[in-house]
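Peer 1: I am attaching a structure below and will ask some questions about it afterwards.
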Amino acid sequence: MKTLTTLRNPQVFKLWLSQVLSSIGDNFYDMTLVWITTREIGAAAGLIVLVGSLSTLIFGIPGGVWVDRWDRRLTMALVDTIRMIVLLLLVLMTVFGEIQLWHLAIVTAINVGLNALFQPALIASVRIVSEDRSQLQAVNALMDVTSRVARAIAPAMAGILLAIALPQHLFFLDALTFGVSALAIFSLSQHFAWKPEKLPDASGNDITFWGDVKEGWRVLQSHAVLRWILPMKTVVNAFWGIAFVIGIPLLVDASFSADPRNYGYIFAAYGFGSVVGNLVIGSLTIKRRAFVMFSGMIILGAGFVLLAWSPSLPFAIVAIFLASLGAPMEDLMMLLYMQEDIPDNSLGKIYSLRVVLSELGYSFGVASAALIYGWMSVPMGMTLAALAVVACGSLGVWRFGLSVYEPKPVTSA
């Protein structure tokens, strides 16, 4: 497949290697964090996770602005180096003293806050190392499928390791992945234009921080599709949190014998389907990207409706597999719009805005799920959430149809 052949490019391979290691490290940390905190404070462990969400909201937009001002290669290498050092300090605290929950809260805030720099820099770097625009879609699919596979495999690996090792051992492995990732990024060729051109103000001076934010907003307003899809992601992620994150465990408990293995089967089917969708979409030449992107929402929501009323486990597995095919259709097309249509010195800001809006929607959805499922049955709650996702996709298809969107040229303010 074209997605895998992009690894022949040595620069893409190095960037991909860093993505593999960083994704595994992130998931190792998340799994170990939840394991430790739930044993200490039970369900209140969600408060530590909430620290990560707050860190994303606080550092998301500033992180995008800074990435658009700094050398992306050095930014990613420095971020992973700092994360390695912070985790090694955490390891030392667990070895020579008793680790406290507030230690984990601080490390979580640092990790997630630094990720607000790493991810926009990574997205911008994908465009830099791709040999041509035809390769860009395949490289995006490769990076996305890597993170999805890591999310599916790393928790299982962490669970096995936690059964035979101490938490500090996983923290050390996590630090090691960040260290190797930093080396892989640092070895990327210096001949690329890793640092974007500075934006001048009306007087020809370097633009201020807030001027940079306003410029990113102006660029976004000039792109009809992104101006439409980014706020919609807030809504879609809210309903995804209700249907997927909270709804599926409740559905398994109510309809599939409360067997954790059945939850694992459904979760694995979603992960496998999203990998298949990534590999297929990444290998195709797609001109009508808006249509594909919003159709992905419709497929995602329709699959969840089928899942909610599944009469058997095999039917549920097929339904979630179909739903998962829509996720990469949406995500990959959105990334291509950003990387191909947004100027290099605004790409970090636009991507960071996407992350912040998505996190807002996700947090609201998860927080309101208990209220929704308290009012109605699990299948009905999942259905209403899924139909809302279908409605969002249908609005997008109605707005843009089968047209090939051509953005207006963006000039400096």
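The values are calculated or read from the model by the stated rules, or taken from the named source; none is laboratory data. Every value quoted in this text rests on a predicted model; they were computed, and no experiment measured them. Cβ atoms come from the backbone with ideal geometry, glycine included; neighbour counts cover every protein chain shown. These area figures cover heavy atoms from the full protein model, side chains too; ligands, DNA and RNA do not enter into them. Shrake-Rupley method; radii C 1.70, N 1.55, O 1.52, S 1.80 Å.
Peer 1: For the list (1) farther than 24 Å from L17 by Cβ; (2) over 24 Å from the mean Cα position of the chain (by Cα), I need the number of the one condition that L88 fails.
Peer 2: For L88, the exception is condition (1).
Peer 1: Starting from residues that are among the hydroxyl-bearing types (S, T, Y) and not in a helix (DSSP H, G or I), keep the ones in the stretch 299-324 and report whichever is most open to solvent (accessible area, probe 1.4 Å).
Peer 2: Ranking the qualifying residues of the stretch 299-324, first place goes to S312.
Peer 1: Does the stretch 390-398 contain at least one residue that is modelled with pLDDT of 85 or more, closer than 15 Å to E330 by Cβ and open to solvent by 60 Å² or more (accessible area, probe 1.4 Å)?
Peer 2: Scanning the stretch 390-398, I find at least one residue that is modelled with pLDDT of 85 or more, closer than 15 Å to E330 by Cβ and open to solvent by 60 Å² or more (accessible area, probe 1.4 Å), so the answer is yes.
Peer 1: Next question. Can A327 be described as buried (at least 20 other Cβ atoms within 10 Å of the Cβ), in a helix (DSSP H, G or I) and among the small types (G, A, S)?
Peer 2: Yes, satisfied.
Peer 1: Moving to a separate point now. Determine whether I242 is closer than 12 Å to V389 by Cβ, within 22 Å of the chain's Cα centre (by Cα), open to solvent by less than 10 Å² (accessible area, probe 1.4 Å) and of a type in the set (A, V, I, L, M, F, W, C).
Peer 2: Answer is yes for this residue.
Peer 1: Against the definition (open to solvent by less than 20 Å² (accessible area, probe 1.4 Å), under 21 Å from the mean Cα position of the chain (by Cα) and charged (D, E, K, R)), how does E359 come out, yes or no?
Peer 2: Spelling it out, it is not the case that E359 is open to solvent by less than 20 Å² (accessible area, probe 1.4 Å), under 21 Å from the mean Cα position of the chain (by Cα) and charged (D, E, K, R).
Peer 1: What are the pairs, 6+ residues apart or on separate chains, where a residue within the stretch 276-287 that is within 18 Å of L7 (Cβ to Cβ) has its Cβ under 6 Å from a residue that is outside any helix (DSSP H, G or I) and not acidic (D, E)?
Peer 2: Once the first residue is within 18 Å of L7 (Cβ to Cβ) and sits in the stretch 276-287, its partners that are outside any helix (DSSP H, G or I) and not acidic (D, E) give L279/M1; S283/M1.
Peer 1: Next up: I'd like the full set of residues that are part of a loop (DSSP other than H, G, I, E, B), polar (S, T, N, Q) and at pLDDT below 75, limited to the stretch 89-139.
Peer 2: Once the filter is applied, which keeps residues that are part of a loop (DSSP other than H, G, I, E, B), polar (S, T, N, Q) and at pLDDT below 75, the stretch 89-139 yields only Q100.
Peer 1: Here's something else I'd like to know. Any chance the stretch 258-272 includes a residue that's outside any helix (DSSP H, G or I) and either open to solvent by less than 30 Å² (accessible area, probe 1.4 Å) or hydroxyl-bearing (S, T, Y) (or both)?
Peer 2: For the stretch 258-272, residues outside any helix (DSSP H, G or I) and either open to solvent by less than 30 Å² (accessible area, probe 1.4 Å) or hydroxyl-bearing (S, T, Y) (or both): absent.
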